[in-house]
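The values are calculated or read from the model by the stated rules, or taken from the named source; none is laboratory data. Everything numeric here is computed off the predicted structure, so don't read it as measured data. Reconstructed Cβ throughout: ideal geometry from the backbone, glycine too, with neighbour counts over all protein chains shown.
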Amino acid sequence: MVRLHFLVQEGQIRAEAVVRHVIAGRGFGVKIESLSSQDAPQMKRLLSRLRENLGRMHQSLARP
């Protein structure tokens, strides 16, 4: 169990998660177990922004 605290442009987000996998030198994956109803809207906005940015990055890499 890990406690996550994000301070991002969407606001402060606090969650409890379980580490699901680790890839040495690359990163890790977590499963969020607990997120307050107060922090949920910020998390939703953060994930939307990150998905949008990832999509833009993929598009720019695909351009000749």
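Miscellaneous remarks
- Contacts under 7 angstrom Cβ, first residue in region 22-39 being more than 12 Å from Met1 (Cα to Cα), partner β-branched (Val, Ile, Thr), 6 or more apart: Phe28/Val19; Phe28/Val22; Asp39/Ile13
- There is at least one residue in region 7-27 that is small (Gly, Ala, Ser) and over 15 Å from the mean Cα position of the chain (by Cα).
- Only listed residue being loosely packed, with under 11 Cβ neighbours inside 10 Å and under 13 Å from the mean Cα position of the chain (by Cα), chosen from Leu54, Leu35: Leu54
- Some residue of region 7-25 being modelled with pLDDT of 95 or more, out of contact with any helix residue (DSSP H, G or I) (no Cβ under 8 Å at 6 or more places or on another chain) and in a helix (DSSP H, G or I): no
- Here is the figure for region 37-64: residues that are acidic (Asp, Glu) and over 15 Å from Gln12 (Cα atoms) total 1.
- Subset of region 26-52 [in a strand (DSSP E or B) and in contact with a strand residue (DSSP E or B) (Cβ under 6 Å, 6 or more places away or on another chain)]: Phe28, Gly29, Val30, Lys31, Ile32, Glu33, Ser34, Leu35
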